[in-house]
Amino acid sequence: MLQSKLFTKTQKEAPADEVAKNAELLIRAGFIYKEMAGVYSYLPMGLRVLKNIEEIIREEMDAIGGIEMRTAVIQSKEVWEKSNRWDDKVVDNWFKTKLKNGGEVGLSFTNEEAHASILKQYVSSYKDLPIYPYDFKTIFRNEPRAKSGILRGREFYWKALYSFSKDEAEHTEFYEKAKQAYKNIFQRCGIGHLTYMTFASGGTFSKFSHEFQTLTGAGEDTIYIDENKGISVNKEVYTDEVLESLGLKKEELVEQRAVEVGNIFSLGTKFSEPFDLNYKNETGEEKLVIMGSYGIGLGRLMGTVVEVLSDDKGIIWPENIAPFKVHLLVLGENAEARTAAETLYKELGDKNITVLFDDRTGTSAGEKFADSDLIGIPYRIVVSERSLKDKGYEIKKRTEEKGKIVGKEELFELITKVQE
């Protein structure tokens with residue numbers, strides 16, 4: 001992508017009403033646009049990051065048997081009345097509207113009922129199970145507070161997988177696979193070292209649910225971590241009884257603030273029962289399907305990465321989810337330098353290395369460097385009259401203070417290594 005053709009521009013200041021660091025940096029760097037509190041549009045570079053996160057999640061879900069589909073955003077009142085979650089007294093964050101020809105509909109705020117209602121049409125025998133459908137979709141929640149940037153939105157993009165199993169043993173086997181898949185996702189997105197599987201309340205479904213909490217002062221949760229075991233407990237279940245059941249000792253736990261970046265639940269028959277989601281087992285006996293829920297907010301994950309992986313200059317994107325691998329800068333108005341940069345841009349593209357080329361004219365070196373640091377692409381390559389005199393190109397990691405000038409062969413070796 002040519003930066004001169006990118007309609008978004010960096011900004012020195014974020015909107016005055018924006019208090020969340022993730023949104024401040026993403027707005028200033030040109031990744032998102034604020035429509036209103038809790039509602040953001042993803043601009044070209046922001047969408048590239050979101051798509052990279054989506055592909056990582058898709059690969060991990062497919063690896064454990066997930067089947068991708070897409071449920072409707074507009075939801076039928078009749079479906080949700082079956083589980084008693086249409087009533088505003090039960091769920092108070094619905095966005096609802098009326099159809100022109102009569103009747104009410106809601107904008108999807110979660111997916112349990114939608115999937116259970118669909119699967120009712122296709123499950124009748126034990127031979128039909130297990131099934132692990134998932135989708136990526138926009139979800140709407142009428143949040144009373146939306147001051148955390150893209151960490152908590154009224155409209156957000158998420159992945160939800162639901163497991164449909166014959167019995168508890170089959171459910172538990174998949175649930176354990178999902179735990180590992182989630183750990184893989186956060187590791188690949190660059191925050192695995194800061195993210196803990198956290199025991200939380202299972203509500204009416206089970207004794208525990210499992211959250212994945214990333215350490216950050218911007219988080220809304222308090223967790224207690226056993227750093228040796230690599231697990232933690234949410235404050236909501238921080239009792240002597242729970243700690244004993246998990247083999248944890250209070251004196252070995254560290255209190256931290258964190259943000260929830262994913263969660264998994266055992267749902268039992270909570271949602272299969274109201275939809276009569278049954279199957280016949282090998283002896284012809286009717287049994288209720290056992291369900292599980294596995295969610296990740298992609299925007300929240302993206303915002304969390306920005307919260308925890310940034311410095312006073314800007315964002316620091318992990319290589320797997322960065323909008324581009326390389327930020328190529330040409331400095332000055334030297335014709336030879338521009339030609340060399342344009343040639344390198346094409347050669348990098350030929351090697352399938354994604355590049356943002358700062359080809360702007362009339363922009364100072366200082367401005368280009370500041371924009372590059374703010375945008376946060378993993379590798380910066382500078383082509384200038386000076387670098388060409390030294391027979392090479394200056395390459396620097398975003399996390400490094402100084403770069404080094406290398407020849408083209410070494411340059412490609414370094415960047416190819418990054419791509420692996």
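Between the Cα long axis of helix 298-308 and the first principal axis of the chain there is an angle of about 50°, rounded to the nearest 10.
Using R₀ = 45 Å, calculate the FRET efficiency as 1/(1 + (r/R₀)^6) where r is the Cβ-Cβ separation of residue 336 and residue 227; round to 0.05. It would help to have the intermediate numbers written out before the result.
Numbers: r = 54 Å, r/R0 = 1.21.
Step by step, r from the Cβ atoms, then E = 0.25.
Against the chain, whose longest principal axis comes from its Cα atoms, helix 168-188 is set at around 10 degrees. Over what distance in Å are the Cα centres of segment 384-403 and segment 103-142 separated? Rounded to whole Å, the Cα centres lie 52 Å apart. Principal axis extents of the Cα atoms in segment 134-277, from largest to smallest and rounded to whole angstrom, are 47, 37, 31.
With the contact rule set at Cα under 8 Å and sequence spacing of 6 or more, what percent relative contact order holds for the chain?
This gives 16 percent for the chain.
Spacing of the modelled spin labels on residue 81 and residue 347, each 7 Å from Cα toward Cβ, amounts to 6.9 nm.
For residue 39 and residue 409 in the same chain, what is the full-extension length gain: residue separation times 0.36 nm, less their Cα-Cα distance, in nm?
My answer for the length gained is 128.7 nm.
Over segment 3-311, one equal point on each Cα, no solvent: what is log10 I(q)/I(0) by the Debye formula at q = 0.07, 0.15 Å⁻¹? The computed values of log10 I(q)/I(0) come out as -0.30, -1.30. Here the spin labels are modelled as points 7 Å beyond Cα on the Cα-Cβ line, and at residue 286 and residue 179 they lie 3.5 nm apart. Between residue 126 and residue 90, the C-beta separation translates, for a Förster distance of 25 Å, into a calculated FRET efficiency of about 0.15.
For helix 44-63, what angle does its Cα long axis make with the longest principal axis of the chain, in degrees from 0 to 90 and rounded to 10? Between helix and principal axis, roughly 50 degrees. For segment 1-69, the set of GluC sites (Glu not before Pro) satisfying both a DSSP loop assignment and a count of at most 12 other C-beta atoms within 10 Å is given as 13. Each of residue 47 and residue 244 was given a label point 7 Å from its Cα along the Cα-to-Cβ line. The distance between the two points is 5.6 nm.
Throughout, read-outs are computed from the coordinates displayed, never taken from laboratory work. No experiment lies behind these values; they were computed from the predicted model shown. Counting neighbours? That spans all protein chains shown, and the Cβs are built from the backbone with ideal geometry, glycine included.
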